[in-house]
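Inspection log for the structure reproduced underneath, given as structure tokens.
The values are calculated or read from the model by the stated rules, or taken from the named source; none is laboratory data. What you see is a predicted model; the values in this text were computed from it and never measured. FYI the Cβ positions are ideal-geometry reconstructions off the backbone, even for glycines, and counts take in every protein chain you see. The accessibility values were calculated without ligands, DNA or RNA, using every heavy atom of the protein model including side chains. Shrake-Rupley method; radii C 1.70, N 1.55, O 1.52, S 1.80 Å.
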Amino acid sequence: MSDHDQLLVIVDPVARRSDGESVRIAKDVLSAGAETKICLPDSPEESSRALARRGSRRPVVLGDDRALLRTVALLHRERGLADGVLSLVPIGSPDALEIAHALGVPRSTPAAARAVLAGTVQRLDLLVDDSDGVVLGDLRIPGVPADAALSPGPSVWGTCRSLVRTLVRPAPTALAVRTHRLRVEADGVLLSDVDTPLESLTVRSVAGTAEVTVHPSAAPPRHTTARILTVSGPDFRYRADGRLTGPVRRRTWTVREGAWGLTLPRAAS
């Protein structure tokens, strides 16, 4: 049996609690086709220790987008992405698996497990920031509106108020757009400065570069591509792969082309 057929199956605790049947199916399929070592961590620290002791085994994550992101981040920090390959069997609610499905991982548990065994390795890009954080999908600035960032968690009264706001919408002229004053540079080229109100900035890595969309509040959006993006200005928050980070005053993201490998289904011939 080759090294390729030796798997370290890391079962995320959220997956074990939320869908034990899918976990069982995935384990059965993987164990029938390869030599597997099952790891049942109860914390990110235990996952990190298991990955550090994986040896030649290929890591297979059973879990949702957060479990995938955590594993990629751990492997990036230990500089284990360049030569290694990662596999995922997505287990979780549909809204917790948007990144996995966007990357091409099958939606059904048996199909995803079979792709782990018989798929091909695709090298994928990675956005890495200057704090060693990673982004697999979308990056957006600002992360959330200011009032949403300060609001408490959901409640019965909050749900009722949200329903009322949905049913009784204000006239378009009454809707205010919050603007931000940020300096945006792409590969050293200034796209927007602090004297230009900015409504939003979105970034996504595609084909070795970052697709950048700058949306000024009083002008049409501007589109460009870059390898390095730097944003600075007054404290701002950003949302990367659904996670809110900040406030920060400066952040630089760099595209790492083909930085990590993910096992995906073979293309139909």
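Of note:
- Condition check for residue 216: loosely packed, with under 14 Cβ neighbours inside 10 Å, over 17 Å from the mean Cα position of the chain (by Cα) and without any contact (Cβ under 8 Å) to a residue 60 or more places away in the chain: no
For every residue, the table says whether it meets (1) closer than 24 Å to residue 204 by Cα; (2) surrounded by 16 or more Cβ atoms within 10 Å (Cβ to Cβ).
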{"residue": "54", "(1), (2)": "no, yes"}
{"residue": "62", "(1), (2)": "no, yes"}
{"residue": "67", "(1), (2)": "yes, yes"}
{"residue": "70", "(1), (2)": "yes, yes"}
{"residue": "77", "(1), (2)": "yes, no"}
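- Residue ID - modelled with the highest pLDDT, chosen from residues in segment 1-17 that are out of contact with any helix residue (DSSP H, G or I) (no Cβ under 9 Å at 6 or more places or on another chain) and open to solvent by 60 Å² or more (accessible area, probe 1.4 Å): 17
- Residue list for segment 194-213, restricted to those being of a type in the set (Val, Ile, Thr) and open to solvent by 20 Å² or more (accessible area, probe 1.4 Å): 194, 196, 202, 206, 209, 213
- Odd one out for residue 224, checked against (1) assigned to a loop (DSSP other than H, G, I, E, B); (2) over 15 Å from residue 180 (Cβ atoms): (1)
- Scanning segment 138-162 for residues that are modelled with pLDDT of 50 or more, open to solvent by 30 Å² or more (accessible area, probe 1.4 Å) and not in a strand (DSSP E or B) yields a count of 1.
- Any hit, segment 19-42, residues being of a type outside the set (Phe, Trp, Tyr) and under 29 Å from residue 257 (Cβ atoms): no
- Test result for residue 72, within 19 Å of residue 131 (Cα to Cα) and in contact (Cβ under 8 Å) with a residue 12 or more places away in the chain: yes
- Against the criterion of being in a strand (DSSP E or B), open to solvent by less than 40 Å² (accessible area, probe 1.4 Å), modelled with pLDDT under 95 and not acidic (Asp, Glu), residue 261 does not qualify.
- Within segment 15-40, residues that are farther than 20 Å from residue 108 by Cα sit with their Cβ atoms under 9 Å from residues that are in a helix (DSSP H, G or I) and of a type in the set (S, T, N, Q), at 6+ positions apart or across chains, in these pairs: 38/31; 39/47.
- Residue count for segment 113-137 under the criterion of being open to solvent by 50 Å² or more (accessible area, probe 1.4 Å) and in a strand (DSSP E or B): the result is 3.
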